[in-house]
1. So residue 247 passes all but one of these: (1) within 17 Å of residue 172 (Cβ to Cβ); (2) open to solvent by 20 Å² or more (accessible area, probe 1.4 Å). Which condition number does it fail?
2. When the residues of region 344-375 are filtered to those that are touching a Gly at 6+ places or on another chain (Cβ under 9 Å) and open to solvent by 50 Å² or more (accessible area, probe 1.4 Å), which remaining residue is farthest from residue 317 (Cα to Cα)?
3. Under the condition of being part of a helix (DSSP H, G or I) and among the polar types (S, T, N, Q), which residue from region 39-66 is nearest to the chain's Cα centre (by Cα)?
4. Scan region 177-189 and tell me whether some residue there is among the aromatic types (Phe, Trp, Tyr) and either open to solvent by less than 40 Å² (accessible area, probe 1.4 Å) or at pLDDT 85 or above (or both).
5. Quick one: residue 15 ticks every box in (1) touching a residue at least 12 places away in the same chain (Cβ under 8 Å); (2) under 26 Å from residue 127 (Cβ atoms) bar one, so which box is it?
6. Read through the list (1) part of a helix (DSSP H, G or I); (2) basic (Lys, Arg); (3) more than 24 Å from residue 203 (Cβ to Cβ); (4) open to solvent by 70 Å² or more (accessible area, probe 1.4 Å), then give the number of the only condition that residue 291 fails.
7. Go through region 82-119 and give me each residue that's open to solvent by 50 Å² or more (accessible area, probe 1.4 Å), touching a strand residue (DSSP E or B) at 6+ places or on another chain (Cβ under 9 Å), farther than 19 Å from residue 38 by Cβ and outside any helix (DSSP H, G or I).
8. Which of the residues spanning region 349-381 are among the hydrophobic types (A, V, I, L, M, F, W, C), in a strand (DSSP E or B) and under 25 Å from residue 306 (Cα atoms)?
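The values are calculated or read from the model by the stated rules, or taken from the named source; none is laboratory data. What you see is a predicted model, and the numbers here were worked out from it, not measured in a lab. Quick reminder, even Gly has a Cβ in these numbers, built from the backbone with ideal geometry, and neighbours come from all protein chains shown. The protein model used for the area step is the full one, side chains on, heavy atoms only, and it has no ligands, DNA or RNA in it. Shrake-Rupley method; radii C 1.70, N 1.55, O 1.52, S 1.80 Å.
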Amino acid sequence: MAGRIVLISNDSNFFEYIRQKLEARKSDELFTFSFDNVPEKLQLIDTSVLIVNSENAEDKTLDLLKLLRGTPVIVFAYNEDEVFRRKCYRSGMFDFMTILTPDAEFRARIIPALTVSSILEKNKQYREILVNDNYISKNNEVFLNYGYIIDKELEVINSGKKNAVFAAIAPNDKTKFMLTANMIETVILDNIRRNDILMSYAPNKYFLLMYDTNIKSVETLWEKISKNFPQKIYAGFVNISNQKRQQLVNEALNKLHSAINNDKNIPLANTINSIESYTNFKLFRQEFSKKFEQIITPVFYQIQQKYSGKFAGISLQQEISDGLGVFYIKDKVSSCSFRITTPGYSKINIDITFQRTSSNIDAKRITLEPDEFEAGMLEDLLEQFILEYKRGANYD
């Protein structure tokens, strides 16, 4: 098995010493770097087998192991230091050898490391494909096609094989432009487990699936995570218990926007009161229509301004009247609509339709109580609508 082996040492004599041990492995690519060269070579070495000379560089070796956790690193030492060996294993070392390790054994023990290295290289290639196809983000392990991921995971969770908590995460309208996506994603990913799933549903807004836990534990973890952000980030948590995807998303978004609206440090969102708050239906209808328009008009305008000119060959249109709001995405062959209606002024229906061709129509309905309908919720749902259109149209 041919592979890529990187030797790291501040002593150039080490390179020749290891080359002799590897004499029989002439098909391998071999690179040599000092410890100081490592930061600028990370793209090369993160899927290679590393053989690191720890002599007079124990602290640098441990730092390197922490930096490259997951990369197969073989630490080479000149003596059997059991304390140092344990520290290396705790920091993610793959194997530990000394000058007493026979050449044949040395070469044999490199083979498993090369196997891991080849898997990492293949995974890296697959990851590039997923990034290019807009399934995961470029810089972090964040999934972009959240609908597909949630549906697949719910099949397993709702079968009773797993239990999980679902979260919606976002800053408020004042701070969302003060935080970068990479900052938010990195902080969250650094504090969750590898099997938890982070998904982006709009710019700087995320869904999170956390397994084998409960809301109380997740809230405690979120309190710890929140301290790492320079601005306030909010979250709404829901236990998964046989919900469909859209129901789960709506519940989490409701919890999220309740958390934002309950924050006394920011203005309360403009929401619609239910009919029970009024004794006069005419007054209720007037107030309902007024607040309905106050919520829809600025959100539709902001979204239209934000995405105008972003997609070639399409037009964004909107229509607002008494108890009705429609946001359209149209191109030469398809027409997609986000239609908000208020039947009987007792509920809010949002009908989302994607019509690619006359025979390819996908439609769904979201129903909200009047007091659940507010600007933050509407903006999130519109962002999801545009994201789904973008994926269906295969825009990069």
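1. (1)
2. Restricting to residues being touching a Gly at 6+ places or on another chain (Cβ under 9 Å) and open to solvent by 50 Å² or more (accessible area, probe 1.4 Å), the top hit is 362.
3. Taking the candidates together, the pick is 43.
4. Looking for residues that are among the aromatic types (Phe, Trp, Tyr) and either open to solvent by less than 40 Å² (accessible area, probe 1.4 Å) or at pLDDT 85 or above (or both), one finds none in region 177-189, hence no.
5. (2) is the only condition that residue 15 fails.
6. Only one criterion is unmet by residue 291, namely (4).
7. 99
8. 350, 352, 354, 363, 366
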